[in-house]
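Trainee: After the structure tokens below, expect a handful of questions from me.
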Amino acid sequence: MAGVDTPTLERRADHPANGVARPAALRRLVSKRRRRFPWLLGPMSLIVVLALLSPLALIVIQSVQAGWSQIWPALDRAFVVTLLWNTVRLAILVTVLSAVLGTGAAWLTERTALPGRRAWSVLLIVPLVVPDFVLSWAWSSIFPSVQGYFGATLVMTLHLYPLVYLPMTAAFRAADPGQEEAARSLGLSRWAVWLRISVRQARSVLLGGCLLVSLSLMAYYGAFENLHYQTFTTAIFGELQTQFNPAGAAALSLVLVILSLLVLGGETAFRERGRLQRSGPMAQRAQQPIPLRLRTRLAAVAGVALLAGLALGFPVAIVCYWMAAGVSSALPDAVGLGSAVGYTALYSLMAALAATVLALPVSLLAVRHQRRWSTALERSTFLTQAIPGVVIGLTLVFLASRYLGFLYQSPELLVASYAIMFFPLGLVAVTSSVVRASPRLEEAGRSLGRKPWAVRLTVTLPLLAPGLAAAFCFVFLSAATELTATLMLVPTGVQTLATQFWAYAEQGVSFGAAAPYAAAMILMSAVPAYLLGHWFDRSSARGSGSSVMEALS
Amino acid sequence: MGRSRQDSRVRTPRARRRIAVVAGALASASLLAACGGASAGTSSGGDPTITLYNGQHPQLTQAIVSAFEKQTGIHVRVRTDDGIVLADQILQEGSHSPADVYLTENSPELMLLTQHNLLAKLPASITSQIPAQYNSPTKNWVGISVRVSALAYDPALVSSAQLPASILDLAQPQWKGKVAIAPTDSDFVPLVGAVIAKYGKQAALNWLRGLKDNATEYADIESVVAAVNKGQKAVGIINQYYWYRLRTELGAGNTKSEVYYFPNRNVGGLENISGAAVVASSAHKTAAEKFVSFLVSAQGEKILASGDTYEYPVRPGVAPNSALVPLSQTNPAVLNVTSLGNDLPAASLLQQAGLT
């Protein structure tokens, strides 16, 4: 248990200056053990990935079956170049801005003595649940100039930065303060420590968040329609709405798949140059919040307040305004609203559970058994993230109505579609914990005589808990506001909050009547966001390293 | 290190309790939802349940469905989405569609589903109740209401005397920068089909290219009418009912725009027909026909006319919402549904002109 006494990094273990180099024989033994084929995780992950990619396979099949003559008119246009340019430049700018805002905000709420940290950490997650169509509508209805490239960048950044913020808070919380202390003692400035140690430690998590931002950006529709910004998704809708051409829509989706392959390739290249270093078991411990001087503290509060205000406060205010001002704003009947809340909660809950549970084996496989094939398996699940909900919805309609009639328009299928669409969100969050859960702790547990299942329950699970909770929260929040696939797959007669909002706001101009549903959506999502923030706060105060020690003894 | 071990031992049960609280909250939420679910899917004793794919405004449909259920005891499960997306969905489902009745706002999607043999023939007892010009020539669907294409305009930016006599004039250079359109809205595409039917493909393409130069493109007609009302554009191509619905939402005092109908039966005054059909794969055809029959009955048409949707009922003798000018005074263009066809030629012209 050399590692327990010296909080060092595994990869540095053979560094001469480190002094705790493992004997070469042991190293060989360990590496041989690690090379063993994962008979449990491998097939499990394979099944999960195949199921996730089935809509994608169907898109390819539909395109091929339709033949070149039907696909070509959709692709052979100068318009496609415009779409490509619009999509790429938006993805780049929004990803960079989300990375900066998400990382900065996560640092402030996790590591500094920011006044009201816990409240801010909840308020900064919630914008993810303000549906993109509500946010864009709020902005463009008050400021008509918010449109086009500028408008899309503003709205998408405000909507998507939590995808970086949430995993980064987990990463900062689990970071190894020992390294920062060492860097400080070696004379680095605080700023340099932040950039070169803290952010660097969390680099793979940051990359994962950026990956999610850029991929999910491609699949959005409502906001771009409101803001008059044409992307592949708006063109796909056009293809379906004016052409009745599912094949053309599938072909355009394939372009999105190719784009996401490029993004994934880029991310993998980055990742391989800076692989995350796994902390030693005692490297995680309770961290003292960094004190802020008065002026810095004011600036920090102003910063997070501005961010939360623009992303959350502003749309909420507009929703309230419409509730008060709109003529159609007769309050919805309590039964209708209650059942919409109930169904939304139920479906999102199930989807969040399913996605989290399914993400676990894939994540463990990719991290613990890092080979080319396991990495490829994990990465391939990200492809569905960039496919618009309407395309996933239509492929599942085709698949289920023909071959799984008993499942068609059942709650199970809807939950499955959410799990497919938001799996990558769960995966990134789970992986952020898995990379930190050193298998050496489990090996230690085993060597102390615990049974494998007991080790999994008492060592692995507590180590993974923050990531699992984040994954659950992510998927829940996203599923609660999903609209296009929901409209197609929800059991007939059932209304969710998103479909009710749409029924009033999108179908007509009855924003007053739609507003209570938007308000309910935001309120409901605040619950998991709050629980998550609360729970994280307590567990970070405890320090996960010590709970591991307790589990081992 | 001993201290931290001590600490964790003290605190772990609390963590467990916290997890239990979270789990309990989640479980009770799902239980709540499950209870709600029990009441949703049941049908009242022995009566059949039919499924309606609804592309019409849900509030309007709900009013009609409630009256129908009360009268017949037949339960109707309503699934609402965009009319065209529902048509896409029925195409994907093919002969496995769970839908019994399809109700949508524009005839082209009904024509398309007819061409794919996905709609059943309706008995003459239903189609004969509505004037033939509003029905499927092959009796596969029946019209229930119409809306008329029109212009919304801002009197502060353009006087009524300056408004164009033909919708084709909007492609002229003097309208540059003044027009709002929603080329991808499912209500705009039939208008292009009408221009093709009346003036031919080349003229329609030239018109669209002129619009591409002159107009600002919006996502949907709701945005067009809102933009004109805010004074952002002088005129916008709409359906009359969007303007009326905006006025209802904002109140007459906040409505700064007006609606203008093209004179002389210009093609710009196209009637958009909303229609209903029984889906070919329906297992409850009798009950489904009963519902369509109710839609076109005097009772059904009156419910349609009385709401805030501002569509014109097509059954003779049923008066529209009193806020509307009579249909005949809007000078609607005379075009039959067959020449209007499905949206496909119009859609490919829109692509050629670079508008979609």
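Trainee: Testing residue B:279 on (1) without any contact (Cβ under 8 Å) to a residue 12 or more places away in the chain; (2) crowded, with 21+ Cβ neighbours inside 10 Å, one condition comes back false. Which one is that?
Mentor: For residue B:279, the failing item is (1).
Trainee: Six or more apart or on different chains, Cβ under 9 Å: which pairs go from a residue in the stretch A:127-153 that's within 14 Å of chain B (Cβ to nearest Cβ) to one that's among the charged types (D, E, K, R) and not in a helix (DSSP H, G or I)? Could you list them?
Mentor: Matching pairs, first to second residue: A:133/A:506; A:144/B:230.
Trainee: Now for a separate question. For residue A:66, all conditions in the list (1) under 26 Å from the mean Cα position of the chain (by Cα); (2) touching a residue at least 60 places away in the same chain (Cβ under 8 Å) hold save one; what is the number of the exception?
Mentor: Residue A:66 satisfies every listed condition except (1).
Conditions tested, residue by residue: (1) at pLDDT below 95; (2) assigned by TED's automatic domain parsing to the domain that holds residue B:121; (3) touching an Asp or Glu at 6+ places or on another chain (Cβ under 9 Å).
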site: B:256; (1), (2), (3): yes, no, yes
site: B:265; (1), (2), (3): yes, no, no
site: B:284; (1), (2), (3): yes, yes, yes
site: B:292; (1), (2), (3): no, yes, no
site: B:306; (1), (2), (3): yes, yes, no
site: B:316; (1), (2), (3): yes, yes, no
site: B:320; (1), (2), (3): yes, yes, yes
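Trainee: Restricting to the stretch A:401-439, name every residue that is touching a helix residue (DSSP H, G or I) at 6+ places or on another chain (Cβ under 8 Å), closer than 25 Å to residue B:282 by Cα and free of Cβ contacts under 8 Å to residues at least 40 places away in the same chain.
Mentor: Answer for the stretch A:401-439, where residues must be touching a helix residue (DSSP H, G or I) at 6+ places or on another chain (Cβ under 8 Å), closer than 25 Å to residue B:282 by Cα and free of Cβ contacts under 8 Å to residues at least 40 places away in the same chain: A:401, A:402, A:404, A:405, A:407, A:408.
Trainee: Let me ask something else about it. Could you tell me which residue of the stretch A:228-248 is farthest from residue A:85 (Cα to Cα), considering only residues that are modelled with pLDDT of 80 or more and more than 8 Å from chain B (Cβ to nearest Cβ)?
Mentor: A:236
Trainee: Anything in the stretch B:336-356 that is within 10 Å of chain A (Cβ to nearest Cβ) and at positive phi? List them, or say none.
Mentor: Passing the criteria: only B:354.
Trainee: Which of the residues spanning the stretch A:448-493 are more than 10 Å from chain B (Cβ to nearest Cβ), of a type in the set (Gly, Ala, Ser) and out of contact with any Pro (no Cβ under 8 Å at 6 or more places or on another chain)?
Mentor: Listed by number, the residues that qualify are A:449, A:454, A:467, A:471, A:478, A:479, A:480, A:485.
Trainee: Now for a separate question. Which is touching a strand residue (DSSP E or B) at 6+ places or on another chain (Cβ under 8 Å), part of a loop (DSSP other than H, G, I, E, B) and either in contact (Cβ under 8 Å) with a residue 24 or more places away in the chain or within 30 Å of residue B:236 (Cβ to Cβ) (or both), of B:137, B:155?
Mentor: Values: B:137 fails: touching a strand residue (DSSP E or B) at 6+ places or on another chain (Cβ under 8 Å).
The unique qualifying residue is B:155.
Trainee: Follow-up. Pick out the one residue from B:103, B:110 that is over 12 Å from the mean Cα position of the chain (by Cα), closer than 27 Å to residue B:346 by Cα and among the hydrophobic types (A, V, I, L, M, F, W, C).
Mentor: On the way: B:103 fails: over 12 Å from the mean Cα position of the chain (by Cα).
From the options B:103, B:110, the qualifying one is B:110.
Trainee: While we're here: Listed residues B:246, B:250, B:191; which is farther than 29 Å from residue A:240 by Cα, within 14 Å of chain A (Cβ to nearest Cβ) and under 23 Å from the mean Cα position of the chain (by Cα)?
Mentor: Unique residue meeting the criteria: B:250.
Trainee: Related question: For the stretch B:106-134, enumerate the residues that are farther than 30 Å from residue B:177 by Cα, touching a residue at least 60 places away in the same chain (Cβ under 8 Å) and not in a helix (DSSP H, G or I).
Mentor: B:117, B:118, B:119, B:120, B:122, B:123, B:129, B:130, B:131
Trainee: Among the residues of the stretch B:253-267, is any under 21 Å from the mean Cα position of the chain (by Cα), touching a residue at least 60 places away in the same chain (Cβ under 8 Å) and under 19 Å from residue B:57 (Cα atoms)?
Mentor: The answer is no, given that none of the residues of the stretch B:253-267 is under 21 Å from the mean Cα position of the chain (by Cα), touching a residue at least 60 places away in the same chain (Cβ under 8 Å) and under 19 Å from residue B:57 (Cα atoms).
Trainee: Quick check, is residue A:433 in contact with a Leu (Cβ under 8 Å, 6 or more places away or on another chain), among the hydroxyl-bearing types (Ser, Thr, Tyr), away from chain B (no Cβ under 12 Å) and under 30 Å from residue A:137 (Cβ atoms)?
Mentor: Values: in contact with a Leu (Cβ under 8 Å, 6 or more places away or on another chain): yes; among the hydroxyl-bearing types (Ser, Thr, Tyr): yes; away from chain B (no Cβ under 12 Å): yes; under 30 Å from residue A:137 (Cβ atoms): no.
No: the conditions fail for residue A:433.
Trainee: Which of (1) crowded, with 23+ Cβ neighbours inside 10 Å; (2) out of contact with any helix residue (DSSP H, G or I) (no Cβ under 6 Å at 6 or more places or on another chain) does residue B:254 not meet, given it meets every other one?
Mentor: Status for residue B:254: all satisfied but (1).
Trainee: Hey, any hits in the stretch A:368-382 for a residue that's modelled with pLDDT of 85 or more, surrounded by 21 or more Cβ atoms within 10 Å (Cβ to Cβ), among the aliphatic types (A, V, I, L, M) and part of a helix (DSSP H, G or I)?
Mentor: No: the stretch A:368-382 contains no residue that is modelled with pLDDT of 85 or more, surrounded by 21 or more Cβ atoms within 10 Å (Cβ to Cβ), among the aliphatic types (A, V, I, L, M) and part of a helix (DSSP H, G or I).
Trainee: May I ask you to say which residue of B:69, B:109 is surrounded by 23 or more Cβ atoms within 10 Å (Cβ to Cβ), of a type in the set (Asp, Glu) and more than 7 Å from chain A (Cβ to nearest Cβ)?
Mentor: B:109
Trainee: Now a separate question. Kindly check whether there is at least one residue in the stretch B:114-121 that is more than 9 Å from chain A (Cβ to nearest Cβ), surrounded by fewer than 21 Cβ atoms within 10 Å (Cβ to Cβ), closer than 28 Å to residue B:308 by Cβ and not hydroxyl-bearing (Ser, Thr, Tyr).
Mentor: No, because not a single residue in the stretch B:114-121 is more than 9 Å from chain A (Cβ to nearest Cβ), surrounded by fewer than 21 Cβ atoms within 10 Å (Cβ to Cβ), closer than 28 Å to residue B:308 by Cβ and not hydroxyl-bearing (Ser, Thr, Tyr).
Trainee: OK, next. Name, by its number, the condition in (1) surrounded by fewer than 22 Cβ atoms within 10 Å (Cβ to Cβ); (2) at pLDDT 85 or above; (3) closer than 20 Å to residue A:263 by Cα that does not hold for residue A:104.
Mentor: (3)
Trainee: Moving to a separate point now. Does residue B:140 satisfy the condition of being under 18 Å from residue B:280 (Cα atoms), out of contact with any Lys or Arg (no Cβ under 9 Å at 6 or more places or on another chain) and not aliphatic (A, V, I, L, M)? Before you say what the answer is, go through the steps one by one.
Mentor: Working: under 18 Å from residue B:280 (Cα atoms): yes; out of contact with any Lys or Arg (no Cβ under 9 Å at 6 or more places or on another chain): no; not aliphatic (A, V, I, L, M): yes.
For residue B:140, the condition - under 18 Å from residue B:280 (Cα atoms), out of contact with any Lys or Arg (no Cβ under 9 Å at 6 or more places or on another chain) and not aliphatic (A, V, I, L, M) - is not met.
Trainee: Ok, one more. Starting from the stretch A:343-356, take each residue that is facing chain B (nearest Cβ under 7 Å) and list its partners that are of a type in the set (Lys, Arg), counting only C-beta distances under 8 angstrom and pairs at least six apart or across chains.
Mentor: Final answer for the pair search is none.
Trainee: Also, I was wondering about something else. With respect to residue B:89, is the statement that it is within 8 Å of another protein chain (Cβ to nearest Cβ), surrounded by 20 or more Cβ atoms within 10 Å (Cβ to Cβ), more than 30 Å from residue A:527 (Cα to Cα) and at pLDDT 80 or above true?
Mentor: yes
Trainee: Oh, and also: Looking only at the stretch A:396-416, which residues are within 14 Å of another protein chain (Cβ to nearest Cβ), within 14 Å of residue A:488 (Cα to Cα) and not in a loop (DSSP other than H, G, I, E, B)?
Mentor: A:396, A:397, A:398, A:399, A:400, A:401, A:407, A:411, A:412, A:413, A:414, A:415 - these are the residues of the stretch A:396-416 that are within 14 Å of another protein chain (Cβ to nearest Cβ), within 14 Å of residue A:488 (Cα to Cα) and not in a loop (DSSP other than H, G, I, E, B).
Trainee: Can you pull out every residue in the stretch A:61-79 that is part of a helix (DSSP H, G or I) and surrounded by fewer than 16 Cβ atoms within 10 Å (Cβ to Cβ)?
Mentor: Answer for the stretch A:61-79, where residues must be part of a helix (DSSP H, G or I) and surrounded by fewer than 16 Cβ atoms within 10 Å (Cβ to Cβ): A:61, A:64, A:65, A:68, A:69, A:72, A:75, A:78.
Trainee: Run down A:340, A:334 and say which single residue is within 14 Å of another protein chain (Cβ to nearest Cβ), farther than 30 Å from residue A:46 by Cβ and at pLDDT below 85. Show your work before the answer.
Mentor: Details: A:340 fails: at pLDDT below 85.
One residue alone meets the criteria, A:334.
Trainee: For residue B:106, state whether it is polar (S, T, N, Q), at pLDDT below 90 and in contact with a strand residue (DSSP E or B) (Cβ under 9 Å, 6 or more places away or on another chain).
Mentor: When the stated conditions are applied, residue B:106 passes them.
The values are calculated or read from the model by the stated rules, or taken from the named source; none is laboratory data. On a predicted model such as this, the values are computed, not experimentally measured, just so you know. Quick reminder, even Gly has a Cβ in these numbers, built from the backbone with ideal geometry, and neighbours come from all protein chains shown.
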